[in-house]
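A quick write-up on the structure given underneath.
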């Protein structure tokens, strides 16, 4: 990796970002808006409108939208919303009162296709969210609803579509009140925030660029509790795929029951850590808020670089989406600082090719 922290050099940025990942990050508000509108026009038969359990099956960028949607509806949804990653479904995923959402951007994710096959055999209600591929064929062949959309990008870069469709579905299933109003406010805030995070905003006034500079040469650790746990996970995955660096996420308060025991020893293991705690005075549980403060103090006492990120917004959805947006820009500028293409994922493609040859 080539280190160059001139994040205001737009020509260099364009030369590195050959597939224009930045445009997808900039487009998050539009993706959400378009997906929400589409979700209210797509087929949802009566048989799918009163589930007792919702299970989203997906991987990577096609699964994280489920985590985020589940966090938002959890306080009001009268039924469980579960996200499963893998080939096999647990025994409780069965029968017509279970709605299984098979989410695969490409439609060719082998784990999701395997789970969809099992869900079909077990008599669940199925719904596919995809741009096409084998999953679309599976839906058409078995006659269950296909929520198909068109957006050409890596799955992680289409989060606004996968999440926006799920929020629209949640609205139609009445899992949370005021989702439309909350999303409209959140999208407006995202559009405003993007002006300060975008490439044209200089390092001196751009917090995403400044924070990226602090993470170069360090192992990032992202900490979040409650609704911000999936945001911390999203940050971790974006750093893996965009910036091509190892990263870790820790759920609060769980981290205070295990990971924190190692806080005294990073230097002994030559770990150059940099922690960011996602925290909100309005959305965190009061004890989580205290734990976040204590975590910062403990990091400082043990010579670990630490910062906090406080999402902005009047609602839980606005704050969660703001956290996601900031993390996306942060991972992008870290990639540019390292001189790596934020879109390319050669090891993942190679793994898929090796797996395909094994069939």
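The values are calculated or read from the model by the stated rules, or taken from the named source; none is laboratory data. Worth saying up front: this structure is predicted, and the values here are computed from it rather than measured. FYI the Cβ positions are ideal-geometry reconstructions off the backbone, even for glycines, and counts take in every protein chain you see.
Quick notes on this one:
- Among residues of region 215-243 that are outside the structural domain of residue 313 (by TED's automatic domain parsing), none has a Cβ under 7 angstrom from a residue that is surrounded by 23 or more Cβ atoms within 10 Å (Cβ to Cβ) and outside any strand (DSSP E or B) at a sequence gap of 6+ or on a separate chain.
- Restricting 39, 35, 63 to those that are without any contact (Cβ under 8 Å) to a residue 60 or more places away in the chain and either within 16 Å of the chain's Cα centre (by Cα) or closer than 16 Å to residue 171 by Cα (or both) reduces the list to 63.
- Failed item, numbered, when residue 315 is tested on (1) at pLDDT below 95; (2) more than 15 Å from residue 214 (Cβ to Cβ): (1)
- Single residue of 243, 231, 267, 262 found to be at pLDDT 95 or above and either over 17 Å from residue 284 (Cβ atoms) or surrounded by fewer than 23 Cβ atoms within 10 Å (Cβ to Cβ) (or both): 243
- In region 74-81, the count of residues that are surrounded by fewer than 22 Cβ atoms within 10 Å (Cβ to Cβ) and part of a helix (DSSP H, G or I) is zero.
- Given (1) farther than 23 Å from residue 25 by Cβ; (2) in a helix (DSSP H, G or I), index of the condition residue 264 fails: (2)
- Selection over region 292-326 of residues that are in contact with a strand residue (DSSP E or B) (Cβ under 8 Å, 6 or more places away or on another chain), surrounded by 21 or more Cβ atoms within 10 Å (Cβ to Cβ) and not in a loop (DSSP other than H, G, I, E, B) gives a count of 6.
- Counted residues, region 147-162 - those being farther than 18 Å from residue 100 by Cβ and crowded, with 20+ Cβ neighbours inside 10 Å: 10
- The criterion of at least 2 residues that are closer than 23 Å to residue 187 by Cα and touching a residue at least 60 places away in the same chain (Cβ under 8 Å) is met, among helices (runs of 4 or more DSSP H) falling completely within region 83-177, by 159-172.
- Each residue in region 195-206 was checked for being buried (at least 17 other Cβ atoms within 10 Å of the Cβ) and either in a loop (DSSP other than H, G, I, E, B) or out of contact with any helix residue (DSSP H, G or I) (no Cβ under 6 Å at 6 or more places or on another chain) (or both), and 3 pass.
- Screening region 53-73 for residues that are part of a loop (DSSP other than H, G, I, E, B) and in contact with a strand residue (DSSP E or B) (Cβ under 7 Å, 6 or more places away or on another chain) and picking the one that is farthest from residue 238 (Cα to Cα) gives 58.
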